[in-house]
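Engineer: Pasting a structure below so you can have a look.
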Amino acid sequence: MIPLRPLEDRCLVAPCARSDTTPSGIVMAGELPPEVEGWVVAVGNGPRAEDGTLLDHFVGVGARVLFPAEAGHDVYLNRERYIMLREVDLLAIFED
């Protein structure tokens, strides 16, 4: 259970280990991939329409998503790294 609930259209993502990162977290030299994937661990109450009505999220907790490496903001909870993103920053949802 994550002790943090994002607001509005934001989602909290646990990034997957990148292929250019060692198991201990050291980033290997070279070009970083332009996209990162991760798992949605929390979502806000939803985006708002122009008239202020609350809309449903198109992504839910447990979804595996793809997003740009430079998107979002790093959030650290209990020494674990998460990324706070807006839904519009997501590039794709994996359909496993």
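The values are calculated or read from the model by the stated rules, or taken from the named source; none is laboratory data. Source: prediction; values computed, not measured. Cβ: placed from backbone, ideal geometry, glycine included. Neighbour counts: every protein chain shown.
Engineer: If a residue has to be of a type outside the set (D, E, K, R) and more than 10 Å from the chain's Cα centre (by Cα) to count, how many in segment 70-96 make the cut?
Structural biologist: Counting residues in segment 70-96 that are of a type outside the set (D, E, K, R) and more than 10 Å from the chain's Cα centre (by Cα) gives 9.
Engineer: Output the residue which, of all residues in segment 1-38 that are surrounded by 14 or more Cβ atoms within 10 Å (Cβ to Cβ) and at pLDDT below 65, is nearest to Leu66 (Cα to Cα).
Structural biologist: Only one residue tops the list, namely Arg18.
Engineer: Here is a follow-up. Ile83 passes all but one of (1) in contact with a helix residue (DSSP H, G or I) (Cβ under 9 Å, 6 or more places away or on another chain); (2) at pLDDT 95 or above; (3) hydrophobic (A, V, I, L, M, F, W, C); which number fails?
Structural biologist: Among (1) in contact with a helix residue (DSSP H, G or I) (Cβ under 9 Å, 6 or more places away or on another chain); (2) at pLDDT 95 or above; (3) hydrophobic (A, V, I, L, M, F, W, C), the lone unmet condition for Ile83 is (1).
Engineer: A follow-up question, please. Return the residues of segment 61-95 that are of a type in the set (A, V, I, L, M), farther than 13 Å from Arg10 by Cα and in a loop (DSSP other than H, G, I, E, B); say none if nothing qualifies.
Structural biologist: If the condition is that a residue be of a type in the set (A, V, I, L, M), farther than 13 Å from Arg10 by Cα and in a loop (DSSP other than H, G, I, E, B), then Ala63, Ala69, Leu91 are the ones that fit.
Engineer: A follow-up question, please. Among what's in segment 65-89 and is in contact with a Phe, Trp or Tyr (Cβ under 9 Å, 6 or more places away or on another chain) and more than 16 Å from Leu7 (Cα to Cα), pick the residue that is surrounded by the most Cβ atoms within 10 Å (Cβ to Cβ).
Structural biologist: Step by step, filter segment 65-89, then rank; the result is Val65.
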